[in-house]
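Here's the structure, in structure tokens; my notes come after.
Nothing in this text is a laboratory measurement; each read-out follows from the coordinates by a stated rule. All of these numbers come straight from a predicted model, not from anything done at the bench. For neighbour counting, all protein chains shown are included, and Cβ atoms are generated from backbone atoms with ideal geometry for every residue, glycine included.
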């Protein structure tokens, strides 16, 4: 079984493929701020989208989507404000998307984009 970091990187790569297929333009990955790390920053039409990717190999600790709680969203919001302030030429409309992936050797169970406004 792959270690957590390897699994996470593979999930982020797969998520990037998914959102490119949906027409998003990825402008940055793995942005770190003092508040949180943002996995993917992309543009979807006139909206700046911050994508959180959660990947797990099993449900022992619950579905990957369950790990994005109120606290994580609040940290993401603070990170987003900082990123947006430092990049004023980017779209002003903001959105957080969550992509959760449950991976095993045979398939990927995608809980596609969950949009948080």
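Go ahead and run the numbers for FRET between residue 28 and residue 67, Cβ-Cβ distance against an R0 of 35 Å, rounding to 0.05. That pair, residue 28 with residue 67, gives E of 0.95.
If you take the Cα centroid of segment 3-38 and the Cα centroid of segment 82-96, the two points sit 17 Å apart. The protection proxy used here, the mean number of other Cβ atoms lying within 10 Å of each residue, ranks peptides 65-75, 5-15, 42-52 as follows, highest first: 42-52, 5-15, 65-75.
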